[in-house]
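The values are calculated or read from the model by the stated rules, or taken from the named source; none is laboratory data. Keep in mind that what you see is a predicted model, and the values were worked out from it rather than measured. Neighbour counts run over all protein chains shown; Cβ positions are idealised from the backbone, glycine included.
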Amino acid sequence: MKRSILLIAIVFALLGTACTQKPKETKKSEKEVVKLTDDERMAWWRDARFGMFIHWGPYAVPGGERNGKVCGGGAEWIMDKLDYTIEDYEKEVVDVFEPVNFDADEWVGIAKDAGMKYIVLTSKHHDGFAMWNSKISDYNIVKRTDFGRDVVKELAEACRKEDIVFCFYHSITDWHHPQAQSIFYPHYNVGQKDQTKSNPEFPKYFENYLKPQVRELLTNYGDIGVVWFDGEWIADYTTEMGKEMYEMIMELQPNTIVNNRVDKGRNGMAGMNVEGNFAGDFGTPEKEVPATGIDSDWEACFTMNGSWGYKPSDKKWKSDEKLIHSLIDIVSKGGNFLLNVGPDGLGVIPTESIEILASMGDWMDANSESIYGCKASPVNRPEWGRYTSKDKVVYAHVFDWPEDGKLMIDEKLKVKKANLVDGGKKLKVDGSIVVLPKNAPDNIASVIKLELAQ
């Protein structure tokens, strides 16, 4: 009996001690977040210059076709273009989406071999379907499909293994949500052109659905390089909402980068902001390149054919030459190039895209120093190609190799030395003329490194 009383006393004594002790402090993250300056925050992106856009979701299953009809424009708009009801879209598209051939490591390898430094995946497009395991809604790839895997998680992990920066695209507009654009069936996106079309419950969607899902993506998948918004054109979304969204992102991940479509300042497809105080870190020209350089950060996004999403009927593939020239042209004007692939419903990137990217990768293997970390040309565009610059070096990208072997360099560039980037062969400099070998080392774009005297 005495032993029992003694044990009870000891137990109560220990409990009392435990109750008087302070609770242990939550262990801090092993990697403290150091808030960078804006220039420091943008540095990796400005250095990268070349990234992969991935438009992928259930819309890849029909590939832009329904009952013998082909939707105009991008196949990712099929829900709107071919008049699906929400119920039909769920049954005919979402419920048969089973991308069993999806391989995140393979996708990242294709991007890396092409010389791309970052990947932007569509986490949710306008159809409202989430490509991650969202707790906000069951309308996602994990809970709604037999595939049942978190694509955002797998791709984020694959990117980090290969030192590729993972980023995500997110649609502000939502054709599936009852507090967003779903009420405008059969023309879900009528609000893009008719600003009188509005859903009075959109603020609830913004506060209770849109923001929480973005918060999930920024909380559960590690460091995010870029948050790439789209669909800001609807009347329901306001500049106040845009600034609120931007501030939330900066609180969650202060060193991420956000495009200008988070706010309402974008000037159409030209992509740069109109005058005013708008949130966002870079402009977004779509399928076009500014005529001249722009004195601010910008990124041009392009498709390889005419569609962002998978569309097998679209055979108008751009050539590797055109896309390499586009990359050079964009960098010569101080921009980034975000080039899209649209995997099919099984998770396979089209062969045509892979072949084009492989060719671009071959060119980048030999000439990437003229792209990575480069800035806009310090002089006007030459007739024979483009210039990019880095410190006291200018890179001459020669598209049209001169038959007489004499490359005329802008007189403002005081060239001290010149050599071919591919192979390093030294070239003779005679004033403003660089003497070239008879044959171009590259049929698409040969690059000459010009070291300047000043």
Being surrounded by 16 or more Cβ atoms within 10 Å (Cβ to Cβ) and either assigned to a loop (DSSP other than H, G, I, E, B) or at positive phi (or both) is the filter; apply it to region 412-421 and report the residue that is farthest from the chain's Cα centre (by Cα).
L413
Are there any pairs with C-beta distances below 7 angstrom linking a residue in region 164-192 that is in the same structural domain as E106 (by TED's automatic domain parsing) to a residue that is crowded, with 20+ Cβ neighbours inside 10 Å and basic (K, R), with the two at least 6 apart or on different chains, and if so which?
I164/K117; V165/K117; H170/K124; S171/K124
Just to be sure I understand, how many residues within region 195-206 are closer than 16 Å to A180 by Cβ, more than 28 Å from the chain's Cα centre (by Cα) and not small (G, A, S)?
4
What is the residue count in region 308-335 for residues that are touching a helix residue (DSSP H, G or I) at 6+ places or on another chain (Cβ under 8 Å) and under 18 Å from G268 (Cα atoms)?
1
Check region 285-308 and report whether any residue there is of a type in the set (F, W, Y) and farther than 17 Å from K117 by Cβ.
yes
Being outside the structural domain of D163 (by TED's automatic domain parsing), within 30 Å of V142 (Cβ to Cβ) and at pLDDT 50 or above narrows V33, V61 down to just V33
Could you tell me whether region 227-243 includes any residue that is surrounded by fewer than 19 Cβ atoms within 10 Å (Cβ to Cβ) and either closer than 26 Å to V33 by Cα or not assigned by TED's automatic domain parsing to the domain that holds A48 (or both)?
yes
Taking region 433-451 and keeping residues within 20 Å of V415 (Cα to Cα) and either surrounded by fewer than 16 Cβ atoms within 10 Å (Cβ to Cβ) or free of Cβ contacts under 8 Å to residues at least 60 places away in the same chain (or both) leaves I433, V434, V435, L436, P437, S446, I448, L450, E451
Members of region 144-181 found to be over 21 Å from K264 (Cα atoms) and part of a loop (DSSP other than H, G, I, E, B), listed by number
T145, D146, F147, G148, R149, D150, E162, D163, I164, H176, H177, P178
For region 248-279: of the residues being in a helix (DSSP H, G or I) and free of Cβ contacts under 8 Å to residues at least 12 places away in the same chain, which is farthest from the chain's Cα centre (by Cα)?
E251
(1) crowded, with 22+ Cβ neighbours inside 10 Å; (2) outside any helix (DSSP H, G or I): which one isn't true of L346, the others all being true?
(1)
Condition (residue is among the hydroxyl-bearing types (S, T, Y) and either over 13 Å from the mean Cα position of the chain (by Cα) or at pLDDT below 95 (or both)) applied to region 115-131: is it met by at least one residue?
no
Hits in region 151-181 (condition: over 23 Å from E244 (Cβ atoms) and either of a type in the set (V, I, T) or more than 24 Å from the chain's Cα centre (by Cα) (or both)):
V151, V152, I164, V165
I119 fails exactly one of (1) touching a helix residue (DSSP H, G or I) at 6+ places or on another chain (Cβ under 8 Å); (2) β-branched (V, I, T); (3) assigned to a helix (DSSP H, G or I), namely (3)
Name the residue that is surrounded by the most Cβ atoms within 10 Å (Cβ to Cβ), counting only residues in region 283-322 that are among the hydrophobic types (A, V, I, L, M, F, W, C) and touching a Gly at 6+ places or on another chain (Cβ under 9 Å).
W308
